1. Is it the case that Glu193 is charged (D, E, K, R) and either in contact (Cβ under 8 Å) with a residue 40 or more places away in the chain or buried (at least 16 other Cβ atoms within 10 Å of the Cβ) (or both)?
2. Among all residue pairs at least 6 apart or on different chains, which show Cβ distances below 7 Å where the first residue, located in segment 100-128, is among the basic types (Lys, Arg) and the second is open to solvent by less than 40 Å² (accessible area, probe 1.4 Å)?
3. So which helices (runs of 4 or more DSSP H) stay within segment 1-88 end to end and still have 2 or more residues that are within 21 Å of Leu290 (Cα to Cα)?
4. When segment 148-171 is examined, which residues are found to be in contact (Cβ under 8 Å) with a residue 60 or more places away in the chain and not basic (Lys, Arg)?
5. Under 18 Å from the mean Cα position of the chain (by Cα), open to solvent by 40 Å² or more (accessible area, probe 1.4 Å) and of a type in the set (A, V, I, L, M, F, W, C), is that true of Leu223?
6. Check whether at least one residue in segment 113-135 is surrounded by 13 or more Cβ atoms within 10 Å (Cβ to Cβ), within 17 Å of the chain's Cα centre (by Cα) and either at pLDDT 90 or above or closer than 30 Å to Arg178 by Cβ (or both), and report yes or no.
7. Mind telling me which of the residues Glu14, Glu79, Glu34 ends up being open to solvent by 50 Å² or more (accessible area, probe 1.4 Å) and at pLDDT below 95?
8. Starting from segment 236-263, take each residue that is farther than 11 Å from Thr4 by Cβ and list its partners that are open to solvent by 50 Å² or more (accessible area, probe 1.4 Å) and aliphatic (A, V, I, L, M), counting only C-beta distances under 6 angstrom and pairs at least six apart or across chains.
Amino acid sequence: MGPTAVGKTALSIELAKHFKTSIVSADSRQCFRELNIAVAKPTATQLLQVKHYFINTHSIHEEMSAAVFEQYSLKAVQEIFQTNRLVLMVGGTGLYIKAFCEGLDEIPPIPVSVTESIRSSYKSNGITWLQNEIKKGDPDYYNNGEVQNPQRLMRALEVKIATGQSIRKFQEGGKQKRNFEIIKIGLDLPRQELYNRINQRVDEMMREGLMDEVKSLHSFRNLNALQTVGYTELYEYLDEKIPLNKAIENIKKNTRHYAKRQLTWFRKDKSIHWFNGIDFNQIINQLQKLVQ
C-alpha cells in the first residue's frame, strides 16, 4: 500500500512473478472496465504477466463500496490459496484494505427524508456546500476522506445527521479475525520526488489520450465512478469554466492532495512495514523473512 504514483503497480508485478502468485487489486476505481488512463490501471502487458483480481470486473453503472470489496476480495484470496500459500493485495484505497483486513461495522438505515434533503441541497448549492458541511460536522472525514467526491461527501453527511456519529466510527469496524496471516508493506518516497512523479504521470496521461477518454464518458459524468480526479477537472474545461492548462494543473494539485490524505490514513496503522523508496531486492529480502 502507499500513495498514488509511488510505484506500487510495477513492484507488485515483480513480487507476484517472484512468488508465483496472483494479485488482488485494492483500488476503488481500477475495477471499472470503462475507466483506464485516469485511474492508472495496469497495462495490458502487465495484466498478461500476472493474474489480477478486481481489475475490469465491474461497470461504472454498478454500485461499488468497501463492503462489496470485502466480500469479493475474501472470496478471491480463498481461491488463490487453493494453489498458493501467498497472495498479494496491492492498492491505495485505505478503506478497502481496512475492510479486507478487519471488516466493517454495518451502518444503520438512513431515513429517506435525510438523503433527499442532502441531495436537494447539493443540487442547489454544489460541492462547496457539501465540503463546508462536512468540515463543520465531520472534521475527521474532511481531513482524511474523498472531499472531491460528492457521492462520498453526501454519504458521510447523511450518516452524521442520521446517527450523530462520524462515518469513520462505523468504518473502524469490529476487527474481525481472518483465517490467514496479513503482512502489510507500505511504500513511500521523499515528498518532492513523489510530487514530481505525480506531475510527470499526469503529463503522460494527457499524452496517452486522457482527453479522448474523458470525452467518451461525457454522458456518464454524473455517475459516482466518474467523480474522480482526472475526470472532474477536464469536464470543467469542456464546460468552458477553466482553460486547459488550469485543468491540468488542478489534476496535479488534487492528485498531490489525494496522495497526502492516503499517507495520513496509512500512517495511523502501526503494523505496516514501511520502505522509503522502491528497492525490489530490499523488499524481497524483508518479505522472505516475514513469510518463513
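1. Answer is no for this residue.
2. Pairs found: Arg119/Met154.
3. Answer list for segment 1-88: 8-19, 66-80.
4. Residues satisfying the conditions are Gln148, Asn149, Pro150, Gln151, Ile167, Phe170, Gln171.
5. Yes: the conditions hold for Leu223.
6. No, because not a single residue in segment 113-135 is surrounded by 13 or more Cβ atoms within 10 Å (Cβ to Cβ), within 17 Å of the chain's Cα centre (by Cα) and either at pLDDT 90 or above or closer than 30 Å to Arg178 by Cβ (or both).
7. Glu14
8. Final answer for the pair search is Tyr237/Leu244.
The values are calculated or read from the model by the stated rules, or taken from the named source; none is laboratory data. A quick note: this is a predicted structure, and the numbers were derived from the prediction, not measured. In this analysis, Cβ positions are derived from the backbone assuming ideal geometry, glycine residues included, and neighbour counts consider all displayed protein chains. To get the accessible areas, we keep the full protein, side chains included, count just its heavy atoms, and leave off ligands, DNA and RNA. Shrake-Rupley method; radii C 1.70, N 1.55, O 1.52, S 1.80 Å.
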